[in-house]
Amino acid sequence: MTQLFMLDVPENTPIVAVADQDPAITVDRVGPYFRIASDTPIVIDRRATGCRHAVWYSSVAGLMRSRITQWDKDAMRIEPA
Amino acid sequence: MTTHRIGLVVPSSNVTVETELPALLRRHPAARFSFHSSRMRMHTVSAAALAAMNAQRERCIMEIADASPDVILYACLVAVMVGGPGEHRRVEGAVAEQLATGGSAALIRSSAGALVEALHAVQATRIAIVTPYPRPLAEQVVGYLESEDLAVADWRALEVADNAEVGCIPGERVLEAARSLDRTGVDALVISACVQMPSLDLVDAAEQEFGIPVLSAATAGAYSVLRSLRLPVAVPGAGSLLRADTTSVPA
Amino acid sequence: MAELPHIIRGVDHVAFPTFDPAATVAFYRDVLGFPVVHSICAAGWGPERHPDFIHFFFDIGNGDRIAFFYYFGFEPPRGGSKGDVYARFDDDAPNFFVTSRHLALHVDSEADLLEYRRRLDNSRWPVELQLQHETIESIYTHDPNGYFFEITRALRPVTPPEDLDANLTVDALVEVVGGPDVSMAALLARKAELIVERAAGWEPAKR
């Protein structure tokens with residue numbers, strides 16, 4: 001199970017929206033955070049989000065038993081730890 | 001016995017502070033004092049000259065603090081009072097900040113603040129004062145004291161503008177002016193509201209004659225210095241203000 | 001833990017040494033327009049040998065002040081080639097670290113930010129960098145003493161969830177630095193646990 005949290009602030013909503021389009025990814029809420037989860041590794045394409053670098057690289061608030069194996073100008077990839 | 005170092009910031013032409021304050025504190029039964037001055041150039045007691053004098057304050061504090069005094073007395077009363085009500089607090093605050101910023105442990109008092117402090121200490125509410133000043137400056141002194149919750153029932157301005165001359169005003173003239181004051185309902189008399197006009201020898205006799213506490217800028221200055229150093233206020237022969245603690249001084 | 005009343009009132013002054021008071025005054029007072037609001041002339045009367053000095057203050061808004069010490073006849077201690085007059089570093093010190101300590105001042109709008117940009121660009125100390133971060137936009141330069149200096153505006157107000165998030169980050173950080181694995185990965189993992197523990201029950205503050 002791959003799980004990460006993102007704070008619900010305007011800069012992050014495009015990233016969450018792109019993740020939500022993937023049928024393998026579920027998005028729900030824990031307090032003011034989005035919880036993004038999947039049984040498989042999660043990949044989010046940066047260009048699809050339209051995100052600036054500063055926002056992209058500060059968007060992850062927490063990782064639940066997961067680790068980031070790619071986080072660059074192209075994509076972020078999160079896998080189970 | 002430790003010697004308490006008293007720093008004095010005086011107008012350059014002032015001779016009376018450095019005469020009367022040591023004379024007073026020499027009488028203290030239990031403490032010893034040394035006196036060290038820095039001088040602010042001033043000859044004429046006018047508003048412009050006083051402003052120019054005040055501009056030298058920072059230099060004088062710089063110099064006197066080098067001597068590591070225990071307390072500094074900023075000894076020109078009218079120079080502070082022409083700055084308007086509350087000026088002694090502003091000046092003392094600025095000097096305290098200057099001293100603290102440089103790591104000096106010296107305390108600061110002013111003659112203007114000391115006079116107010118001493119009048120409150122004798123619980124005066126209605127006073128009469130003698131000043132050597134030209135009338136406009138005397139009026140400012142009156143106004144200043146009135147802003148400190150003191151009613152000034154009557155006052156004299158001897159109108160001597162040359163500060164060196166002020167230092168030579170004969171005692172009889174000061175006493176005559178004091179006697180001429182309307183003392184109705186007055187509970188304290190300031191026989192010299194000026195640190196340059198000599199009055200020390202008059203204070204005790206005047207108090208006995210008038211039957212009310214008699215203060216001078218000098219006796220008030222000595223009072224404030226003693227209180228700041230937490231020393232007993234027990235100086236004989238200069239009025240009841242300075243005998244406040246007389247019964248409590250150990251033999 | 002009992003509530004501690006938050007009665008502190010901002011920056012009385014942030015103080016730095018300078019060896020060039022004329023340029024410092026030119027930068028803060030004349031270029032940026034920060035008024036000189038206070039000064040103290042003093043000597044070193046305490047136990048340490050200490051030159052005469054001037055301590056002078058500029059208003060930086062909200063009654064806060066930036067203050068400088070100028071010590072007469074005092075030479076700067078020897079140091080490396082990088083850094084400011086207070087902290088010198090060798091050539092190999094990384095720039096991200098050298099600029100980590102800086103003062104950032106706040107403006108309310110884009111127009112105000114551009115006005116300070118204009119003032120700096122018309123001076124000997126032009127803006128070196130203009131950046132947008134997540135929620136702020138900033139301009140940067142070095143002052144005459146080499147102090148790294150930022151003026152910033154918020155792109156949007158900070159929201160209460162961000163306060164919560166900041167507190168979770170700090171709590172996770174304090175725990176992680178006391179633990180066996182001191183890393184960003186460990187921090188994000190611990191933070192996720194704290195999110196699950198605390199965020200679900202978090203009530204948004206009244207708007």
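Bear in mind these aren't lab numbers, they're just calculated from the coordinates by the rules spelled out. Bear in mind that the values here come from a model prediction, so they are computed numbers and not experimental data. Every residue, glycine as well, gets a Cβ built from its backbone with ideal geometry; the counts of neighbours run over all protein chains shown.
Modelled spin labels at A:Y57 and C:S183, positioned 7 Å past Cα toward Cβ, are 1.9 nm from each other. Calculated FRET efficiency, B:F35 to C:H142, Cβ-Cβ distance, R0 = 60 Å: about 0.70 to the nearest 0.05.
Nearest 5 is fine: what % of DSSP beta bridges in the protein assembly as shown come out antiparallel, could you say? Kindly include the intermediate steps, with their values, before the conclusion.
Details: 50 of 88 bridges.
So the antiparallel bridges amount to about 55 percent of the total.
Can you give the FRET efficiency for A:M1 and C:F19, using 1/(1 + (r/R0)^6), R0 = 51 Å, r = Cβ-Cβ distance, to the nearest 0.05?
Details: r = 60 Å, r/R0 = 1.17.
Efficiency at R0 = 51 Å is approximately 0.30.
Note on segment B:131-185: Cα-only Rg and Dmax are 12.0, 34 Å. The share of alpha-carbon pairs in chain B lying farther apart than 22 Å comes to 49%. Gain on full extension, evaluated as 0.36 nm per residue between B:R126 and B:D201 minus their Cα-Cα distance, stands at 24.6 nm.
Provide a whole-number value for the mean count of partner chain Cβ atoms within 10 Å of the Cβ atoms in peptide B:56-64.
Working: counts 0, 1, 4, 1, 0, 3, 5, 1, 0.
That average works out to 2.
Based only on the alpha carbon positions, what is the Kirkwood hydrodynamic radius of segment B:121-216, in angstrom? Over segment B:121-216, the inverse of the mean reciprocal pair distance is 13.2 Å. Sorted fewest first by neighbouring Cβ atoms within 10 angstrom, B:R59, C:R9, C:R119, B:R109 come out as C:R9, B:R59, C:R119, B:R109. Using a Förster distance of 30 angstrom, determine the FRET efficiency expected from the C-beta separation of B:A23 and C:V36, and round it to 0.05. The computed FRET efficiency comes out at 0.10.
For peptide C:187-200, the mean count of partner chain Cβ atoms within 10 Å of a residue's Cβ comes to 6. Here the contact order of chain B, divided by its residue count and restricted to Cα pairs under 8 Å and six or more residues apart, works out to 21 percent.
Note on B:T2 and A:A24: their simple-model spin labels are 8.1 nm apart, each label 7 Å out from Cα toward Cβ. Sorting C:K82, C:K191, A:K73 from the fewest to the most surrounding beta carbons within 10 angstrom yields A:K73, C:K82, C:K191. A compact globular protein would have a Cα radius of gyration near 2.2 N^0.38 Å; the ratio found for the protein assembly as shown is 1.44.
Give the average, rounded to an integer, of partner chain Cβ atoms located within 10 angstrom of each Cβ in B:39-50.
Working: counts 0, 0, 0, 0, 0, 0, 0, 0, 0, 0, 0, 0.
That average works out to 0.
From the alpha carbon centroid of segment B:76-147 to that of segment C:68-116 is 44 Å.
The mean sequence distance of close C-alpha pairs (under 8 Å, at least 6 residues apart), as a share of the length of chain C, puts its relative contact order at 15 percent.
Footprinting exposure proxy ranking of C:R88, A:R29, fewest other C-beta atoms within 10 angstrom first, gives A:R29, C:R88. Positive contributions from Lys and Arg (+1) and negative ones from Asp and Glu (-1), summed over other residues with Cβ under 11 Å from the Cβ of C:H13, come out at -2. The phi-based Karplus calculation (6.51 cos²θ - 1.76 cosθ + 1.60; θ = phi - 60°) puts the 3J(HN,Hα) values of segment B:187-197 at 10, 7, 10, 9, 6, 8, 8, 7, 7, 9, 7 Hz, whole numbers, x for Gly and Pro.
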